[in-house]
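See below for the structure under consideration.
The values are calculated or read from the model by the stated rules, or taken from the named source; none is laboratory data. Computed from a predicted structure; not experimentally measured. Glycine also receives a Cβ, built like all others from the backbone with ideal geometry; neighbour counts cover every protein chain displayed.
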């Protein structure tokens, strides 16, 4: 970007006098070159810049913030759509109408203060006109605004009302148990299993998953870590990740196209706002979101661009373009951000009543005080119950040998079957390994019947089978003999008795047709 000297050099002496006046200065020369040098000497001073920023109206400060967060420049079409145009007029008309005294837009206000300028810059699309802050002035303004933001500790929004915090949902480390289940399911390639997208993204952020596949060493470290350390591992990975993109994980919207956002920058900004809220104080979510909309509406869109991001509502496919949809996109992101903090044990939530959307949150210092506890119970029929707070690494291993039954609030239920052991064998596992696990973690209280079954399975595999079969039964053995001599014989399987035979899968209609040719009407019983 051009510096302040080369930016001001484009203006006539009348324009420079207007700029000087807005800074409380009076030029001592009538020469453009000398006046430009004089202004640069006065403007490029931290104290002068600070005083000028302090007297700017709130809307002008917002525009300046947008420019600073966009590295000092924004495409003019985008900037003007939000902050207005600058009237084009010659020296005579300008000196008569004095537009700097009654600017028609935020852009015009900043322009006649010398803070904002327009110029064409080369881009991938060719030359494009931009609004910009002169480079050396930008460096000073950027540092000043950064320091000013750092000093601002006043939290946005307000404390929650009694109704907003009526039903509390404390933070927990349940995400660790859900992660264990997800990793086991992915390892087993369970058919029909739909992984939780947000959870999978968090595990990928921590390097536990790569392209959806569990990484053995990372999985081992995660499962064997204490609950406190495992939760910390996920939280720290999330806070520092460039790849985890909350916006694209909000379930109510779908993002399309090649446009880019900056999830880490956005996350750090929201964390700063959240951390300004008093610890252990219930805070209103709707009021917090409204305050962000009023004070920092472009918190994730430095260029104030609400048109080029292709985002649609998942429920009906409606595209959400323009500032009018701020609440459904940018506001929804703030709420989703708080939800992620809750999952990671960083915030409690509350709502007016159970099952309703969260309306308040409280920063939490959640820490799991109790580590592994409870005991595994094993029944003679192969049912295994593992408490939620038992070793996650052990539950992960046991689950790989078993069928999964419906889980309860604080326990996971499994049962051993020939089918589950066959699947485990396909993963390179043996039934004797499951037996060793159960013996070790039940202090040798595995029922004898299950011990025998597991040992027998390792030695002989499946020794009994329950099947669903279609059987042809006839009144007289001679009918079956005729069928076996006919062309329909290829559709018949194992003979069960003189009057019964198994019909091969999918051959029912062929057998019925063959019986009809023999003059026998038959029916299928259901």
| task | Out of the residues in segment 37-63 that are buried (at least 17 other Cβ atoms within 10 Å of the Cβ) and under 14 Å from residue 136 (Cα atoms), state the one that is nearest to the chain's Cα centre (by Cα). | result | 49
| said: Quick check on residue 322: is it on the phi > 0 side of the Ramachandran plot and touching a strand residue (DSSP E or B) at 6+ places or on another chain (Cβ under 9 Å)? | reply: no
| message | With the structure loaded, tell me whether residue 273 is surrounded by 19 or more Cβ atoms within 10 Å (Cβ to Cβ), touching a residue at least 24 places away in the same chain (Cβ under 8 Å) and touching a helix residue (DSSP H, G or I) at 6+ places or on another chain (Cβ under 8 Å) or whether it fails that test. | response | yes
| said: Given the condition over 42 Å from the mean Cα position of the chain (by Cα), buried (at least 18 other Cβ atoms within 10 Å of the Cβ) and either at pLDDT 90 or above or outside any helix (DSSP H, G or I) (or both), answer yes or no: does some residue in segment 444-453 qualify? | reply: yes
| note | Result of the Cβ filter at 7 Å on segment 8-21, keeping first residues that are assigned by TED's automatic domain parsing to the domain that holds residue 135 and touching a residue at least 24 places away in the same chain (Cβ under 8 Å) and partners that are assigned to a loop (DSSP other than H, G, I, E, B) and crowded, with 16+ Cβ neighbours inside 10 Å, at least 6 apart or interchain, is 8/114; 18/100; 18/112; 19/112; 19/113; 19/114
| Selection status of residue 105, modelled with pLDDT of 90 or more and either buried (at least 19 other Cβ atoms within 10 Å of the Cβ) or under 40 Å from the mean Cα position of the chain (by Cα) (or both) | yes
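Would you mind finding the one in 217, 236 that is over 19 Å from the mean Cα position of the chain (by Cα), surrounded by fewer than 16 Cβ atoms within 10 Å (Cβ to Cβ), free of Cβ contacts under 8 Å to residues at least 60 places away in the same chain and part of a helix (DSSP H, G or I)?
Only one candidate passes the filter, namely 217.
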| field | Residues that are modelled with pLDDT of 90 or more and in contact with a helix residue (DSSP H, G or I) (Cβ under 8 Å, 6 or more places away or on another chain), drawn from segment 411-420 | value | 412, 414, 416
| message | Kindly evaluate residue 498 against the criterion of being modelled with pLDDT of 85 or more, over 12 Å from residue 515 (Cα atoms) and touching a helix residue (DSSP H, G or I) at 6+ places or on another chain (Cβ under 6 Å). | response | yes
| message | For a quick check of your reading: which strands (runs of 3 or more DSSP E) sit entirely within segment 109-209 and have at least 1 residues that are under 30 Å from residue 343 (Cα atoms) and modelled with pLDDT of 90 or more? | response | 167-169
| request: Search segment 122-142 for residues being surrounded by fewer than 19 Cβ atoms within 10 Å (Cβ to Cβ) and in contact (Cβ under 8 Å) with a residue 60 or more places away in the chain, and hand back the single one that is farthest from residue 68 (Cα to Cα). | output: 136
| request: Test residue 357 against the stated conditions and say whether it is more than 30 Å from residue 458 (Cβ to Cβ), in contact with a helix residue (DSSP H, G or I) (Cβ under 9 Å, 6 or more places away or on another chain) and surrounded by fewer than 14 Cβ atoms within 10 Å (Cβ to Cβ). | output: yes
| message | Please go through segment 255-265 and give me each residue that is within 13 Å of the chain's Cα centre (by Cα) and either within 29 Å of residue 363 (Cα to Cα) or not assigned by TED's automatic domain parsing to the domain that holds residue 307 (or both), ordered by number. | response | 263, 264
| remark: Listed by range, strands (runs of 3 or more DSSP E) wholly within segment 313-404 having at least 1 residues that are within 24 Å of the chain's Cα centre (by Cα) are 347-351, 360-363
